[in-house]
1. Got at least one residue in the range 459-466 being assigned to a helix (DSSP H, G or I), crowded, with 20+ Cβ neighbours inside 10 Å and polar (S, T, N, Q)?
2. Cβ-Cβ below 6 Å, separation at least six or inter-chain, first residue in the range 426-443 and over 13 Å from H472 (Cβ atoms), second at pLDDT below 85 and surrounded by 13 or more Cβ atoms within 10 Å (Cβ to Cβ): which pairs?
3. So, in the range 398-407, exactly how many residues are at negative phi and open to solvent by less than 30 Å² (accessible area, probe 1.4 Å)?
4. Scan the range 436-451 and tell me whether some residue there is touching a strand residue (DSSP E or B) at 6+ places or on another chain (Cβ under 7 Å) and part of a loop (DSSP other than H, G, I, E, B).
5. Could you please find all residues in the range 528-570 being at pLDDT 90 or above, in a helix (DSSP H, G or I) and open to solvent by 10 Å² or more (accessible area, probe 1.4 Å)?
6. Among the listed residues I40, I60, identify the single one that is farther than 23 Å from N304 by Cα and either modelled with pLDDT of 90 or more or within 40 Å of the chain's Cα centre (by Cα) (or both).
7. Among the candidates G47, G41, which residue alone is surrounded by fewer than 18 Cβ atoms within 10 Å (Cβ to Cβ), within 30 Å of L283 (Cβ to Cβ) and not β-branched (V, I, T)?
Amino acid sequence: MKLIFRYMKPYAFSIFLGMFLKLSSTLCELMLPYILEHLIGKVVPTGQMKPVIFWGLLMIATAALTRQLNVAANRRAVENAHNVSYDVRQDLFARTANLSGRQFDSFGLPSLTSRMTSDSYNVQSCAQSLQTLCIRAPIMLVGGIAVSMTMDVALASILCVMFPILLVVSITVSRYGIPLYRRVQERLDDVVRVMRENITGIRVVKALSKSDYEKRRFGRANDNMRKSDIKASTIMAIPGPFMQLCLNVGLTLVVVIGARRVHNGQMEPTVILAFLIYFNMVLQGVMGLNRIFMMLSKASASANRIAQVLETEPDQRVLSPEEAKTPAGDEFIRFEHVNFTYGHPAHGAADPDGLGGEPCLTDISFALKRGESLGIIGPTGCGKTTIINLLMRFYDVEDGGVFVDGRDVRSYGKDELHQKFGVVFQNDMVFFNTLRENIRFGRDLDDGALMAAARDAAAEEFITAREEGLDHWAEIGGANLSGGQKQRLLISRALAAHPEILILDDSSSALDYKTDAALRKAIFDHHQNSTTIMVAQRVSSVQAMTNILVMDDGRCIGYGDHAHLLETCPAYREIYETQMGALA
């Protein structure tokens, strides 16, 4: 709950004003039964119309004022709650964007998604209820009892006896609510994960006729969430019927005892009428308290999950010049005896290369001068992508060093390092936006630069073929583009700003050989100043590179240019003969 109060603090004045309005409206509402009892019990029997009209108009004015104050208070509460949730989502998004690779893997994309959506909505609901229900319910409860005490102590004592009992029951049950609702949100993470996998891979699911299988898998995740939600809701609903029973018993006692006191001449019949109304108000207050405890339990669980992300300390600090390692040479990019394992205590990351906790890179060393190029080739899971992850410092090495422009990558600020790169990753993202904005990506680039990059990436033809040109909208994930068009669009994005380091991670797999060759020629002709690293499965994509790194099982088994490797690396020669023989 500390998180919710922290985000409410900037809006303290508006919140207090709204709470004052809600308090005023509730006090006005409490006056209505009192006015009614006075009107019927004391004014009407006099037979004088002027007092009757006066007290009648006073009652109407009080009701109207109650309504207006309620509307103003609720409107302000909604606005404040939306501001709070807006700030939470902004900070949560910013913190998520700055998580290291290890931290992102530990939370998981589905969990981060549900924290951004479902959990932030629960925080919003709590922030709104704290300004309205948390004022109205206690005032209704305490105020109803207090006013009734001035009318008849004997009847009011019934309410005083029942109130502590109901409060203890609500507090006791609510203690179990937070872990139960946390479990519900964790089950929601599973539902989001399965749903995301199916939406992303819907074509594969349909192509392999696995719709029924995926429906059953989603059904299991959905059923687990349903069971957790039912359990939490059932336990949190326990106080409701118990409160209703106690209040009905109390209502019966009010009628029976009140009737006896009227019969004995100890009170007026109109007092019973007012008491019934106040009893209903107390009932609303008690039920409101029950709702508050339920809401606080759910919001506390969600706030704790959000706080876990917001309070996660950065695990990749910028090293000072004294702490950073010094490279053995002056090359622009340099790896020195690098070792790395996913799942190692130093970073505990997920494993995109599929090595299952085994060493992913072992004693990797290479160096590139500015403007040179490197091709990385090898079987799936050999560590190619991991080299890129370490170069961009998504993860930190266990041993050895990674250097860019003569500096340990750990001595760069995040933005300072990443601004040197233009990157196309495997399964990179096409955003729901125009082709122009997909290439520009928020940078200060004019259409001339965008089209020049599109020309180099062999994307100009399909862009100009569309009536809207750069204004053509790409669907989510590039659903209205072919695989080759998406890759060329992404390569255009990487080339547009003429980066110091260009990384193409298996980014031409959907291109035909002619387009792939044209792309490589354009890079060599127009981006000579960029140091290029290309991860590929095709020998034809890397054979013209200055250097080629041949990987197998996380180790370097060959390094040099194409001609050198044909002579010295049997694995490279086998790949070359297999692929080129197939082409022949």
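1. Looking for residues that are assigned to a helix (DSSP H, G or I), crowded, with 20+ Cβ neighbours inside 10 Å and polar (S, T, N, Q), one finds none in the range 459-466, hence no.
2. Q426/D506
3. First, pick out the residues of the range 398-407 that are at negative phi: 398-399, 401-404, 407.
If we keep only those that are open to solvent by less than 30 Å² (accessible area, probe 1.4 Å) too, we end up with 401-404.
The number of residues fulfilling the criteria is 4.
4. No: zero hits.
5. Scanning the range 528-570 gives H562, A563, H564, L566, E567, T568, P570.
6. Residue meeting the stated conditions: I60.
7. G41 is the lone residue from the list that is surrounded by fewer than 18 Cβ atoms within 10 Å (Cβ to Cβ), within 30 Å of L283 (Cβ to Cβ) and not β-branched (V, I, T).
Conditions (1) among the aromatic types (F, W, Y); (2) open to solvent by less than 60 Å² (accessible area, probe 1.4 Å); (3) farther than 29 Å from L276 by Cβ, marked per residue:
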position	(1), (2), (3)
L69	no, yes, no
N74	no, no, no
N80	no, yes, yes
S129	no, yes, no
M162	no, yes, no
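The values are calculated or read from the model by the stated rules, or taken from the named source; none is laboratory data. Quick caveat: nothing in here was measured; it's all calculated off a predicted structure. Note that each Cβ is placed from the backbone with ideal geometry, even for glycine, and that neighbours are counted across all protein chains shown. Heavy atoms of the whole protein, side chains included, go into the accessibility calculation; ligands, DNA and RNA do not. Shrake-Rupley method; radii C 1.70, N 1.55, O 1.52, S 1.80 Å.
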